[in-house]
Structures are given as C-alpha cells and as structure tokens.
Amino acid sequence: MEYAGKLIRGYLLSYSGLLAVSLIFSYLANNYSSTPFITESPTLFHGLIVAPSEEMFFRYFVPLLLMYFGFPYLLGSCMVAAPLFAAAHYWAYNNNIYAMLSAFTAGCWNSMIVYKYSGREPFNFSPGLLCAMLGHASYNLTVTYMADRMLEISVITALLWALFEIYFRRVEE
Amino acid sequence: MGEEIGVPWDAIIVGCLSVLYALYCMLGNLYADEIGDVLVYVIYAITLISSSLFGWILTRRLDGD
C-alpha cells in the first residue's frame, strides 16, 4: 500500500509538474501567448523508450556516480545531471534556449520527485525513479498528441495528486 | 553519503519492457527502410541498458560487495 501510494502520487506530481514547466517556458518563449511548444522532433514519437532511457541516465546513473564520490543525491542531480540534460535538449531542439531552460527545470523537478518518493534505508530510487519515468513518458506522449490540452491535463493531474496526497496521508496516520 | 543504496528493480524492469518495445519499433523501421529512426532507438536502448547495468555495479561497490 505504501509503495502504491508513493507510485501514484509521484507519477501524478511528476506529470503535472513537467507539463507546467513546459507551459511556463512556452509562454516565456512566445511572449506570453498561449501557444505551447510544439516541436517536430521525431524522438517525441519514441516516448516509450526516450523517457525511461533519459530518466535512467540522468536521474539514476549520473547522480549515483556522483554519490560514489560522496555527493548527496539532490546536489549531484540538480547541479550536474540537470545541466547535462539541458545541454542535450539545447542541441536536440536546434539551439533553443527556452527548451534548454525548460529541460533544466524539468530535470530538477524530476530529481526532487525521485528523492521525495523513494524509500530510505536503503535509498533505493524506488518507486521515485519509476514515477519520474512514467511522468516523463506521459509528458512526451501528451506533447506529441494532445499539446492543445496541456493546461487542462496539468491542472487535473495536480488536483488528483492533491486528493491522493490527502487520502494516503490519512491512511498512513 | 552515509545511507545505504538500493537498486531500483521496478524501474529497471519497466526499462527492459521499453527496450522490447523499441526492438519491436526498430523492426518496423527496418522494414520501412527508416535507418535514422533505428539509430535513435539503438542509442536510447544502449543508454538505458548500460545505465541500469553500471548503476547496479556501482551500488554493489557502494555497499562494499
């Protein structure tokens, strides 16, 4: 029950947060118009391999490597892995500075999701990493197929997260 | 880092399933002669598998095994 609760809450928070980050930077990129980013990168169509692969590398392997040298997870993830993630998106999206900033913020957001919703003793990245993977995959699919519904979906998933947060806190008490 | 580290087997299992999905898509791309997309799938699949594998090895070393 504890695992399921963390998985559901982590996934919803990751998904809604990623959509919100993308919307915010889309507004900034388009001079506060309502049009979200719509990129035509073919990698978005590969949402079910791109997202797990990126999360496994940038939210698991790179921070773990830094933890091996004594850095805390959040410090390594936000200060090293997130800038690398942003640099990859800067290159992938035709040197778009807003895509890079959006990717950096999204990387930090998912790092916090992984940390918040992972078990302690041991810190096993579970289910936080899976939450980040599923949230990222859902975000990629949403941006590809339902970009005009991003705001509504972000609000609805945020509300669902809040409801589940209240419910599972009561169950845990 | 004082706390123990564990391996995220749930994420690794889902990652393996996504690699299987990528292999399935690759076959379709090869059939349609879309080599560029095949390379994308290969790169991401290798990244996922190697991150999982090296992450597991690092965890073993961190735990002193």
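The residue that is most open to solvent (accessible area, probe 1.4 Å), counting only those in region B:46-65 that are more than 21 Å from residue A:136 (Cα to Cα) and facing chain A (nearest Cβ under 9 Å), is B:61. Restricting attention to region A:127-142, the residues that are hydroxyl-bearing (Ser, Thr, Tyr) and open to solvent by 10 Å² or more (accessible area, probe 1.4 Å) total 2. The sole residue among A:71, A:85 that is without any contact (Cβ under 8 Å) to a residue 40 or more places away in the chain and part of a helix (DSSP H, G or I) is A:85. Within region B:1-13, being touching a residue at least 12 places away in the same chain (Cβ under 8 Å) and in contact with a strand residue (DSSP E or B) (Cβ under 9 Å, 6 or more places away or on another chain) holds for B:1, B:4, B:5, B:6. Could you list all residues from region B:14-45 that are within 9 Å of another protein chain (Cβ to nearest Cβ), without any contact (Cβ under 8 Å) to a residue 12 or more places away in the chain and of a type in the set (A, V, I, L, M)? Hits for region B:14-45 are B:14, B:17, B:40, B:43. As a summary of the residue check, residue A:45 satisfies the conditions (1) open to solvent by 60 Å² or more (accessible area, probe 1.4 Å); (2) at pLDDT below 90; (3) more than 14 Å from chain B (Cβ to nearest Cβ) except for the one numbered (3).
Residue A:154 - would you say it is of a type in the set (S, T, N, Q) and within 9 Å of another protein chain (Cβ to nearest Cβ)? No: the conditions fail for residue A:154. Pairs meeting the criteria (first residue in region A:97-126 and within 14 Å of chain B (Cβ to nearest Cβ) and open to solvent by less than 10 Å² (accessible area, probe 1.4 Å), second residue of a type in the set (Phe, Trp, Tyr) and part of a loop (DSSP other than H, G, I, E, B), beta carbons under 7 Å, at least 6 apart or on different chains) are A:114/A:125; A:118/A:125. Would you please name the residue that is nearest to residue A:122 (Cα to Cα), looking only at residues in region B:1-29 that are open to solvent by 40 Å² or more (accessible area, probe 1.4 Å) and modelled with pLDDT under 80? In this case the residue turns out to be B:4. When you look at residue A:100, is it assigned to a helix (DSSP H, G or I), closer than 29 Å to residue B:58 by Cβ and among the aliphatic types (A, V, I, L, M), yes or no? The answer is yes for residue A:100. If I filter region A:143-173 down to residues being modelled with pLDDT of 90 or more, of a type outside the set (A, V, I, L, M, F, W, C) and touching a Leu at 6+ places or on another chain (Cβ under 9 Å), which single residue comes out as surrounded by the fewest Cβ atoms within 10 Å (Cβ to Cβ)? Only one residue fits best here, namely A:165. With the requirement that a residue be in contact with an Asp or Glu (Cβ under 7 Å, 6 or more places away or on another chain) and part of a helix (DSSP H, G or I), what does region A:119-140 give you? Result: A:129, A:130, A:132, A:133, A:136.
The values are calculated or read from the model by the stated rules, or taken from the named source; none is laboratory data. Owing to the predicted nature of the structure, the values given are computational and were not obtained by experimental measurement. Note that each Cβ is placed from the backbone with ideal geometry, even for glycine, and that neighbours are counted across all protein chains shown. Note: areas computed on protein heavy atoms with side chains; ligands, DNA, RNA excluded. Shrake-Rupley method; radii C 1.70, N 1.55, O 1.52, S 1.80 Å.
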